[in-house]
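For reference, the structure is listed below as structure tokens.
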Amino acid sequence: MLLAKVATHYRKIRGTKTMKSLADAGLLDRINGSARLMIVSDLDSTMVDHDDPENLSLLRFNALWEAYYRHDSLLVFSTGRSPTSYQKLRNEKPLLTPDIAIMSVGTEITYGESMVPDTGWTNHLNWKWNRDIVVEETAKFPELTPQSETQQRPHKVSFFVEKVKALEIMSFLSEHLEKRGLDVKIIYSSGIALDILPKGAGKGEALAYLLQNFKVDGKVPLHTLVCGDSGNDTEMFTIPKVHGVMVSNAHDEMLQWYTQNAKNNPSIIHATERCAAGIIQAIGNFCLGPNVSPRDIRDFKKCNVDIFSPGHEVVKFYLLYERWRRAEVDKSEQFVKNLKSGFCPFGIFVHPSGVEQPFHQCLDSMAKLYGDKTEHLFRLWVDRVSSAQIGSDTWLVKFYKWELSGDERQCCVTTVLMSLKQPDGFTWVHMHQTWLEGSRARDQTAWCF
Ligand code: GLC
Ligand code: MG
């Protein structure tokens, strides 16, 4: 029974473009059939709270996702940002790697970490679209201030415009562009941004396209949850059979849309929590699966976690490790003893510098570092946890371990061999870390786990 719970099935899924692209990007290996949950979330002011320099709700979401969902669910980021500006946000914030990225307000779709583009989608957007004509017509409106060059994309022309002028300009523009033979969509977001896209584009259309592709292959996710805060997100809420959460900090234009169009729709909620905390709230509200982030659990021994998985094990270990160095747990020998009990005494840790040490020696070194990070902004999070059962009671677990300390951020690609420890967990048998290219620590021999 226990084994059945943790078993990861490896199965190639072929078929539609989306499925094929996901498979090519190496992402479907872990999913057996349909995804249990697909979260499609906006980034700015939805997944990312720009008013929270510590990124606490995002880190809570990350721990929840990697512990309970990563192995059988799909994470989709749907942002208005262009690929360059999306990349910039990823470098600044502790964002997980999504399975699918929808960028530039639903005009660009890529799959996997390597961001394989969906060229079929882009080609489809050429219908009744001519960027030059859009630029020519919009130049007639001095109230429109063009956004930076990096936000201008082949199927997205973007401006800033004051709220009081927006409505009137939008209606003028649609008329002008229609007369010139184009079929466009004009979207106003966050009380400031105006985007002009081909009619078939947008966050909603892009989501519908993905769902259609999953459907053709008989792999529609069991549940889909869309999450947003501003104008360009509203069309995601109109897609049939999806749950939706407007985060507590949603903009007026979204709340107005809701009041006028979807007030009695029980599948959409307005969360009382901000940003990623609102997403976690929605998971609980719609009963989509576990909704208590491991970050919110103080005592893992007391809580009955009913999902027993390598992902949960990894998330739990790094949280305990972070709390030890931030002095957020009591400094006790028992704490270190408990940690040690999860490690094979003579198991080996291969540090990214190449130095090898038995686990218990590493844990003794760690014990000495109690509270050394109280002054720093120190956080750990794991991304892309995957596991393969390679024996009756053995798993090979791989993940990307990120560490933020002050202004320094580093990442180690980590592989752990784990074996089952009756009755309640895993034993870490062997562990190997390598710097992720471009993410080495300044002091490359500094002790870490
Ligand atoms: C993001 C994009 C911007 C766009 C806005 C609204 O902020 O960077 O170009 O106008 O979303 O869609
Ligand atoms: Mg937003």
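What the table shows:
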quantity: Residue-averaged 222 nm ellipticity for the chain, from DSSP H runs of 4+ at -39500 (n - 2.57), nearest 500; calculated: -8500 deg cm²/dmol
quantity: Principal-axis tilt of helix 310-325 within the chain, Cα atoms, nearest 10 degrees; calculated: 80 degrees
quantity: Spatial separation of Cα centroids for the stretch 346-389 and the stretch 154-184, in angstrom; calculated: 54 Å
quantity: Proportion of all alpha-carbon pairs of the stretch 128-198 beyond 18 Å (%); calculated: 28 percent
quantity: Part-to-part distance (alpha-carbon centres) for the stretch 207-227 and the stretch 103-129, which is given in Å; calculated: 17 Å
quantity: Two-site FRET efficiency, Ser171 against Glu149, from Cβ-Cβ distance with R₀ of 25 Å, rounded to 0.05; calculated: 0.35
quantity: Beta bridges per DSSP with both ends in the chain, % antiparallel, nearest 5; calculated: 70 percent
quantity: Angle between the chain longest axis and helix 275-285 axis [Cα atoms, degrees, rounded to 10]; calculated: 80 degrees
quantity: R0 of 56 Å, Cβ-Cβ distance Glu375-Gln256: FRET efficiency to nearest 0.05; calculated: 0.80
quantity: C-alpha long axis of helix 252-261 to longest principal axis of the chain, angle in °; calculated: 70 degrees
quantity: More than 13 angstrom apart: percent of Cα pairs within the stretch 64-131; calculated: 69 percent
quantity: Rough spin-label spacing in nm, given labels placed 7 Å along Cα→Cβ, for Arg180 and Asp407; calculated: 4.5 nm
quantity: Most fluctuating residue given options Asn232, Asn126, Asn265, as computed from a GNM of the chain linking Cα atoms under 10 Å; calculated: Asn265
quantity: Percentage of interatomic Cα-Cα distances in the stretch 297-435 larger than 20 Å; calculated: 48 percent
quantity: Rounded to the nearest 20 debye, dipole of the stretch 128-198 from Cβ charges on Lys, Arg, Asp, Glu; calculated: 160 debye
quantity: Which of Trp395, Trp435 has the fewest Cβ neighbours within 10 Å, and the rest in rising order; calculated: Trp435, Trp395
quantity: Segment Lys93-Thr394, extension gain: residue separation times 0.36 nm, minus the distance between their alpha carbons; calculated: 105.0 nm
quantity: Straight-distance crosslink candidates among aspartates and glutamates, where the alpha carbon sits under 20 Å from Lys398 and sequence neighbours closer than 8 are dropped; calculated: Asp24, Asp29, Glu66, Asp72, Asp99, Glu113, Glu313, Glu322, Glu356, Asp383, Glu437
quantity: Partner aspartates and glutamates for Lys128 [C-alpha distance under 13 Å; skip if fewer than 8 residues away on the same chain]; calculated: Glu178, Asp183
quantity: Rg/Rh (Cα only; Kirkwood hydrodynamic radius) as it applies to the chain; calculated: 1.00
quantity: Chain lengthening between Asn123 and His50 when straightened (0.36 nm per residue, less Cα-Cα); calculated: 22.9 nm
quantity: Loop trypsin sites (Lys or Arg not before Pro), the stretch 383-445, which have at most 11 other Cβ atoms in a 10 Å radius of their Cβ (DSSP); calculated: Arg442
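We did not get these values from a lab; they are worked out from the coordinates using the rules stated. Quick caveat: nothing in here was measured; it's all calculated off a predicted structure. A quick note on method: Cβ atoms are made from the backbone with ideal geometry, for glycine too, and the neighbour counts reach across all protein chains shown.
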